[in-house]
Protein chains: 2
Amino acid sequence: MAEFSPGLEGVVAAETAVSEVDGANGRLIYRGGYLIEDLVPVTSYEEVAFLLWRGELPNEKDLDGLRKQMAAARRLNDSARKTLAAMDPKDDPMDLLRTVVSAQGATPSLTKPTLDEAIALTAVFPTIIGGSYRRRLGKNPIEPRDDLGHAANLLWMLEGKEPEAHRVHWVDTYLVLLADHGLNASTFAARVVASTGSDLASCVVGAIAALKGPAHGGATLAARNMLDKVGSADNAERWLTDAHARHERFSGFGHRVYRTYDPRAKILREMAKEAAPELHRTAARTEEVALKILHDAHPERPNATNVDFWASVVLTGAGIPKELFTTIFATSRVAGWTAHVLESISDLRIIRPASRWTGPEPGKKPLQLANR
Amino acid sequence: MAEFSPGLEGVVAAETAVSEVDGANGRLIYRGGYLIEDLVPVTSYEEVAFLLWRGELPNEKDLDGLRKQMAAARRLNDSARKTLAAMDPKDDPMDLLRTVVSAQGATPSLTKPTLDEAIALTAVFPTIIGGSYRRRLGKNPIEPRDDLGHAANLLWMLEGKEPEAHRVHWVDTYLVLLADHGLNASTFAARVVASTGSDLASCVVGAIAALKGPAHGGATLAARNMLDKVGSADNAERWLTDAHARHERFSGFGHRVYRTYDPRAKILREMAKEAAPELHRTAARTEEVALKILHDAHPERPNATNVDFWASVVLTGAGIPKELFTTIFATSRVAGWTAHVLESISDLRIIRPASRWTGPEPGKKPLQLANR
C-alpha cells in the first residue's frame, strides 16, 4: 500500500486551474495565470471573484452585471432571517455564519451547484455577518445597500453608516488577497463535500466548518491576540523571549506550502503602515524579534511570516472587530470555495481515501457483552 | 511531484483503529478487531457506539451509564428548537438536519471535541429528524422518551406511538451496521474539519453536508427509487434491460473499496426477507438481473451489490419514510464521525493536500480591465 503522508502533505488531491500556490518562489497565482501582486493594485473583489468563477477578468458589461446580481442577492430568505433571529447572538460568529448559511441554502430537493448559486451565496455573507454582529451589540440589523460594492456594503452592514473610501479600499484589498489559495483545508473540505454530488450550500457550510479552526481561518484572530499581549514595540523582545521559553507557539508564522515570505503578507505589511500605524510598529518589531528567535531555534525551518499576521493588522486598521476576523476571511474565501466546487463537478469522482489499520488483528478477540 | 490519484483512491489519508474495510475479503472490522457479522447478532447501537468511541465493549455499568447520558441529552437547546421552528418543513430533511445540528452545536467560544459532546450530539439526531418530519406532516413534534433505547426512541420521535419490538430490532441492526466504515467521504470530511482545530459540531455538520450527496448517503434513497420504478419481480428484467440500454446507472451496485459482496448487504438481505417480504422479492430478482447485466457489460469490474441496495428494503420494512433514509444513515454514522474526530485530535495535523496546476503559465497574460 502507498506511503502515508500525515496531513496529506505533498499528496496531489486535485488538478485545478483556479489557483496555484508556488511555495518555493513565494508566488500566489489566480485563475488565468495572474500573479496576486499584479491583480491587487487594479482589481476589486467582484472582479477577482468573476475571474475565479469564469476564468477571465470581466469586461465593463460583465462587471456591471455581476454587481447588479450580487446586490439583488443580498437579502436573507425567510428561513435564514428567522434562523438568524433564533440564534443566541453571543455564540461564536462562525457558528452563526455556519448555521444561517445552512438555512439560507436549504431547498426542497437536491440541486446541482451553479454559478448563479455561487454568486448569490457570496453576496449574502455580509448580511449574515452584519446581522449577527448588530444583534450581538443589541442593535437592529441593517438593510443592505444596492448601490455599494461588496467591501463597502460589508462595512455598511456592520456599522450602518457610509464607510470612508480608504477603509473600503483596505477591506477590498484584503478580500482580493484571501479569495483563493489552492487546496487549503476549507477549500479541500468543500471539494470533499462536492465529490459526493451534494449541493453548493452543503459545500460552503463544510468549508465554513473547516475555516473556523485556529490552524486555519482562526489564525488571524490568534495573531491579533498575540499582538495585543505584546502590547507595544518596546515590549516585543521581552514578551516573545518569555513566550518562547514557555514553549508557546508564535501566531502568524510558518505555512505548509510557502518556503519564503507569503506574497500576501508582503502586500498587507505595506498597507498596514497606513491602515494602522501604531499597531504596525508593534507588529514590525514583533515580526523582527519572532523571526530571529525562530531562526535561532530552528535554522532548518522556513519560518517566514504568514498572511494571518499582517492581515490582523490591516483588518484592525479597517475597523473590523477582531471577533469577526474569521467571518471576514470566509467572506473572501467563499469565492474560491465555490469556484473550486464548480470546477470539480465537471468530472465528479467521490473523494474516498484509504486508511491504515492500527487496531488488533481482526476476528481474534472474544466478544464479551454486558447485557447477556 | 507525487502521482495524482483521482478521488484519492488508494491514497492513505489516516491511520485509524476505529474501523477497517477489508475490501478484498469483504470484511468490515470495528474497533477492537471485531467483525461486523460477529457484532450484529449480539450488540445494540449504543454498545457499538461505545465500542467505536472508547475502544472496548461496555460492561453492564458502562452501558447503563451511556443509556442514561444519551436519554438526558435528547432535548434540543433553545437555539436549535427555535431554528427548527424557523425552517421550512418542506425543505430537504438533510438540509434541516445540517442546519439544526449546527444551531444545537453553537457555543460562545471554541471548544475542543470531547466524548461527552460526541454522546450528546449522537443522542439528539432522532429529536431533530423526528421534529422536522412531524412538522412536514403538519403535526406537533413529540417529546423524547427517556425509557427507550436509541432505535426505539427514533421510531417514537417519528410516530408518537410505542414501536413494535421487531421494527426496533430492524432499525437497531441497521444502525449497528452503518455506524462506521473507514475513511468514507463524510468521515473524511469530518477529519478534514477536525484537522484545523475546529469544534465537534463543525466536524459533524461538515460530515452531514458530505453524506447528503447521491454518491454517498443519498444512495439508499436512489436504490429505493429504482426499486419503485422496477415495481415487481416480474418487471425487473424488462426494466433493467431498458434502463441499461438508456445508459442509466443502476443504484445499489458497486463500491470504491469492496471487491466482493458487502458484508452489511449480506446481513440486510437476509433480514429483508422478514422485514419486507414483497419488496424483498422484487429486490432479489432486481439484484439477480442487474448483476448479470453488469457482469456481461463489464466482466472485469467487481459489480457486487452494496449496502444501500438492501438497506433501502429493510428501512422500508421498518416503516421509515424513504425521504428520511439519508437522515437515518446520518443517525447511525454520527458515532463513527465523532469517534474518528476524537481519535484524530490526539495528534492534530492540518489536512492540506497539494494540487496540480492546469492553468496557463503564470505571469504571462496581460491584465485587461473593464473599469479603467
Does residue A:320 qualify as being part of a loop (DSSP other than H, G, I, E, B) and at pLDDT 95 or above? yes
Answer yes if at least one residue in region A:52-60 is surrounded by 17 or more Cβ atoms within 10 Å (Cβ to Cβ), modelled with pLDDT of 95 or more and over 20 Å from the mean Cα position of the chain (by Cα), and no otherwise. yes
Does residue A:9 fit the bill of being under 21 Å from the mean Cα position of the chain (by Cα), touching a residue at least 60 places away in the same chain (Cβ under 8 Å) and surrounded by fewer than 19 Cβ atoms within 10 Å (Cβ to Cβ)? yes
Among the numbered criteria (1) out of contact with any Phe, Trp or Tyr (no Cβ under 7 Å at 6 or more places or on another chain); (2) facing another protein chain (nearest Cβ under 10 Å), which single criterion is violated by residue B:149? (2)
Residue match in region A:235-254 (condition: under 23 Å from the mean Cα position of the chain (by Cα) and of a type in the set (Val, Ile, Thr)): no
Taking the stated definitions as given, is residue A:122 surrounded by fewer than 21 Cβ atoms within 10 Å (Cβ to Cβ) and either closer than 18 Å to residue B:132 by Cβ or β-branched (Val, Ile, Thr) (or both)? no
Starting from region B:259-275, keep only residues that are closer than 16 Å to residue B:171 by Cβ, then list their pairs with residues that are at pLDDT 95 or above and part of a loop (DSSP other than H, G, I, E, B) whose Cβ atoms are within a distance under 8 Å, requiring at least 6 positions of separation or different chains. B:267/B:40; B:275/B:318
Might you check whether a residue that is closer than 15 Å to residue A:230 by Cβ and crowded, with 20+ Cβ neighbours inside 10 Å occurs anywhere in region A:299-307? yes
Looking for whichever is out of contact with any Asp or Glu (no Cβ under 8 Å at 6 or more places or on another chain), modelled with pLDDT of 95 or more, of a type in the set (Val, Ile, Thr) and within 27 Å of residue B:201 (Cβ to Cβ) here; the options are B:40, B:18, B:48. Which one fits? B:48
Within region B:162-182, restricting to residues that are of a type in the set (Asp, Glu) and within 18 Å of the chain's Cα centre (by Cα), the one that is nearest to residue B:146 (Cα to Cα) is B:172
Answer yes or no: is there a residue in region B:28-36 that is part of a helix (DSSP H, G or I) and either closer than 30 Å to residue B:145 by Cα or among the β-branched types (Val, Ile, Thr) (or both). yes
Of all the helices (runs of 4 or more DSSP H) wholly in region A:158-233, which have at least 2 residues that are surrounded by fewer than 24 Cβ atoms within 10 Å (Cβ to Cβ)? A:165-178, A:219-230
Being assigned to a helix (DSSP H, G or I), over 28 Å from residue A:122 (Cα atoms), out of contact with any His (no Cβ under 6 Å at 6 or more places or on another chain) and not hydrophobic (A, V, I, L, M, F, W, C) narrows it down to one of A:300, A:287, so name that one. A:287
A careful count of residues in region A:304-339 that are among the acidic types (Asp, Glu) and farther than 20 Å from residue A:163 by Cβ gives 1
When residues of region A:31-46 are filtered for being among the charged types (D, E, K, R), surrounded by fewer than 20 Cβ atoms within 10 Å (Cβ to Cβ) and more than 7 Å from chain B (Cβ to nearest Cβ), how many remain? 1
In region B:324-372, what count of residues is obtained for those that are within 30 Å of residue B:28 (Cβ to Cβ), surrounded by fewer than 24 Cβ atoms within 10 Å (Cβ to Cβ), within 10 Å of chain A (Cβ to nearest Cβ) and not β-branched (Val, Ile, Thr)? 4
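Yes/no per residue for (1) closer than 20 Å to residue B:105 by Cβ; (2) more than 8 Å from chain A (Cβ to nearest Cβ); (3) among the charged types (D, E, K, R):
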site: B:180; (1), (2), (3): no, yes, yes
site: B:183; (1), (2), (3): no, no, no
site: B:193; (1), (2), (3): yes, no, no
site: B:196; (1), (2), (3): yes, no, no
site: B:201; (1), (2), (3): yes, no, no
site: B:210; (1), (2), (3): yes, no, no
site: B:214; (1), (2), (3): no, no, no
site: B:223; (1), (2), (3): no, yes, no
Check on residue A:28, under 26 Å from residue A:71 (Cα atoms), more than 7 Å from every other protein chain (Cβ to nearest Cβ) and of a type outside the set (D, E, K, R): no
For region B:7-25, what are the residues that are assigned to a strand (DSSP E or B) and either facing chain A (nearest Cβ under 7 Å) or not hydrophobic (A, V, I, L, M, F, W, C) (or both)? B:12, B:13, B:14, B:15, B:16, B:19, B:20, B:22
If I filter region B:53-87 down to residues being assigned to a loop (DSSP other than H, G, I, E, B) and over 22 Å from residue B:34 (Cα atoms), which single residue comes out as nearest to the other protein chains (Cβ to nearest Cβ)? B:87
Pick from region B:255-270, criterion assigned to a helix (DSSP H, G or I) and within 19 Å of the chain's Cα centre (by Cα), ranking: surrounded by the most Cβ atoms within 10 Å (Cβ to Cβ): B:268
Return the only residue of B:311, B:304 being closer than 18 Å to residue B:36 by Cβ and more than 18 Å from the chain's Cα centre (by Cα). B:304
Filter result (in contact (Cβ under 8 Å) with a residue 60 or more places away in the chain, part of a loop (DSSP other than H, G, I, E, B) and more than 9 Å from chain A (Cβ to nearest Cβ)) within region B:88-118: B:111, B:112, B:113, B:114
Between a residue in region B:68-80 that is surrounded by 15 or more Cβ atoms within 10 Å (Cβ to Cβ) and any residue that is among the small types (Gly, Ala, Ser) and not in a loop (DSSP other than H, G, I, E, B), which pairs come within a Cβ distance under 6 Å, given they are 6 or more apart or on different chains? B:70/B:123; B:73/B:120; B:73/B:123; B:74/B:123; B:79/B:103; B:80/B:103
Count of residues meeting criterion [without any contact (Cβ under 8 Å) to a residue 40 or more places away in the chain and farther than 21 Å from residue A:240 by Cα] in region A:293-347: 2
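The values are calculated or read from the model by the stated rules, or taken from the named source; none is laboratory data. Please read all numbers here as calculations on a predicted model, not as lab measurements. Here the Cβ is made from the backbone with ideal geometry for all residues, glycine too, and neighbour counts use every protein chain on show.
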